[in-house]
Amino acid sequence: MAQYSKILIAVDLSEDSAEVATKARAIAGDDSSGLHLIHVIEPLSFAYGGDIPMDFSGIQDEIHQQATQQLATFGTAHGIPAERQHIVLGRPEVEIHSAAQEINADLIVVGSHGRYGLALLMGSTANGVLHGATCDVLAVRVGDTD
Ligand code: AMP
């Protein structure tokens, strides 16, 4: 791998994710052994917990299982094996930062929707990842149909 030895690719598992992974793979070059994937699941309780008195654990487990399967399929398609696929619960920015530190990443790659003009050049997650990151961050422009 040319400049970076550990690259953490953050994917929301939307159709944009392939563009993000493809860019990271291009940076890695011939040696893809330092590529890691992360997908963060936001707990339903963050959105509804205070307002709806209900047990979300069954639905949360289902979401976790489906995301794990989708990440596995995605990882296989991009040559990143299970031991380098990370699924965690929490806030994306926070968990991406802590996974980056855990694996000692020297680059985090995220997608960014650039179609809302300069002020909103980076989507909220990309912006959050950039602020507070202790390594380089690459924001790959995605979903650009203009
Ligand atoms: P957004 O700001 O939500 O449009 O997301 C922009 C980028 O942030 C995505 O392309 C991913 O790289 C990353 N991202 C967003 N949500 C997640 C998530 N739940 N897990 C991992 N990465 C995410």
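So the values come out like this:
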{"quantity": "Angle between the chain longest axis and helix 17-28 axis [Cα atoms, degrees, rounded to 10]", "calculated": "30"}
{"quantity": "Principal axis dimensions, largest first and in whole angstrom, of region 12-135 by Cα", "calculated": "50, 37, 27"}
{"quantity": "Degrees, to the nearest 10: 92-103 long Cα axis against longest axis of the chain", "calculated": "50"}
{"quantity": "Inter-centroid distance (Cα atoms) of region 1-46 relative to region 53-72, Å", "calculated": "21"}
{"quantity": "Burial order of peptide ranges 28-35, 9-16 (average beta-carbon count within 10 Å, highest first)", "calculated": "9-16, 28-35"}
{"quantity": "Region 7-141 - percent relative contact order, Cα under 8 Å, separation 6 or more", "calculated": "30"}
{"quantity": "Point-charge dipole on Cβ atoms (K/R +1, D/E -1) for the chain, about Cα centre, debye to 20", "calculated": "340"}
{"quantity": "Farthest toward positive dipole pole in the chain [+1 Lys/Arg, -1 Asp/Glu at C-beta], among VAL137, ALA77, VAL94", "calculated": "VAL137"}
{"quantity": "Label zone at LEU44, where the point sits 7 Å out along the Cα-to-Cβ direction: region 65-100 residues whose backbone N lies under 18 Å", "calculated": "65-69, 88-91"}
{"quantity": "CD proxy at 222 nm, helix term only [per DSSP H run n ≥ 4: -39500 (n - 2.57); per residue of the chain; nearest 500]", "calculated": "-12000 deg cm²/dmol"}
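No value in this document is a laboratory result; all are computed from the given coordinates. Source: prediction; values computed, not measured. Virtual Cβ from ideal backbone geometry, glycine too; neighbours counted across all protein chains shown.
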